[in-house]
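A short worksheet on the structure shown next.
Each reported figure results from applying straightforward, stated rules to the coordinates on display, with no laboratory input. Bear in mind the structure is a predicted one, so any value in this text is a computation, not a measurement. With ideal geometry, Cβ positions are generated from the backbone for all residues, glycine too; neighbour counts draw on all protein chains shown.
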Amino acid sequence: MSDILTAMPPAKYAEINGVRMAYYEVGPRGVGPPIILCHGFPELAYSWRHQLRALEAAGRWAIAPDQRGYGLTERPEAVEAYDMEHLTGDLIGLLDHLGAQKAIWCGHDWGGIVVWQMPLRYPERTAGVIGLNTPFYPRAPADPIAIMRRRLGEENYIVHFQKPHEADEILDRDVRKTMSFFMRRPMGAAAGFSGEGSAGFATRRNPGDPSVFPLVRMIEAYDPALDTRPTFLSDAEFEVFVQAFTRTGFTAPINWYRNFTRNWEQSADLPKSVDAPALMVMAQMDAVLPPSAADGMEAYVPDLEKVLVAGSGHWTQQEEPAQTDAILLDWLNRRFPQG
């Protein structure tokens, strides 16, 4: 385990926005805008270990926080403590702590949802935005949970997560099993969770059809011994995730999802487009956030580049670190040259 832990710089801590936040920092502080790397669900700052090393080697200043409710960062009890106002406010507090005016916000999965909000809420603190897998979505015309319930079904994981306690208890029951379910490469088109051609959240099911992406029920029925999907983690790397979520549980991360309606209600007056240089990194084999999810982004993100990571499933920066690192550094060197 010690070799794996040395893949990350030492944890640092700051009192930010009412929580004690852990973060990991590399590169020369104060040289250029920092790249803030925001993880998704269910991940950690550790998910960015490859990118932190690559950015450090390139002389870039980069920071990966354990976001609110994850890893070594504190976990408030109130569900409302995980709304978008708090999540984006945490990043601004981190930027203030670091003494930087602007950042290049880079996010994967849920982290992507958060970083696309930064230029809308804090344009004066945004130098650029990078989305991994997660595209910019315009504000929904109605409560997004109501839309997903109708389109994707009651057992769709985001809809299911709205129920108090149930999903948390199932995911907490056997953390090793839960993380084994998540941390795999795609193979074929089993259960609609992998393979090319997925419509992701744009999937439309007929009334009476099974729910789309019924993750909680899939984890209940899952047997790791029967899973033939390849992994992208060493045993020691896998243990980092297992130990972290054994300690913290999944309630705080799921609480992010329980604020979809609240976030929608509070976003009515935000700008509709992103006024910053932006990069969209798409993963060829991501079934939940497929490349097609980024279609039409140019209408809302005028200064946009798109790049496809070949052969990658959902966990792009961990599955294909070399491709991901090269894409990030190429864009950074062109749009934010150093020296």
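Quick notes on this one:
- Once the chain from residue 147 to residue 202 is taken as fully extended at 0.36 nm per residue, the excess over their C-alpha distance is 18.7 nm.
- Net length available on complete extension from residue 13 to residue 50 is 11.2 nm, with 0.36 nm assigned per residue and the Cα-Cα distance removed.
- Residue order, fewest to most surrounding Cβ atoms within 10 angstrom, among 48, 264, 256: 264, 256, 48
- Lysine pairs in the chain whose alpha-carbon atoms fall under 29 angstrom of each other, counting only those eight or more residues apart or on distinct chains, come to 5.
- For segment 53-178: span of alpha carbons on each principal axis (Å, largest first): 46, 38, 28
- Ascending count of other beta-carbon atoms within 10 Å, so fewest first, for 272, 163, 306: 272, 163, 306
- Length gained on full extension, residue 270 to residue 78: 66.6 nm, using 0.36 nm per residue less the C-alpha separation.
- Taking the Cα centre of segment 2-335 as origin and assigning +1 to Lys and Arg Cβ atoms and -1 to Asp and Glu Cβ atoms, the resulting dipole is close to 340 debye.
- Equivalent-ellipsoid semi-axes for the chain (Cα gyration tensor, √(5λ), whole Å, largest first): 28, 23, 21.
- Rounded if a/c under 1.5, otherwise prolate or oblate - segment 227-313, Cα gyration tensor axes: oblate
- Taking other Cβ atoms within 10 Å as a rough exposure proxy, 314, 86, 108, 50 sort from fewest to most as 50, 86, 314, 108.
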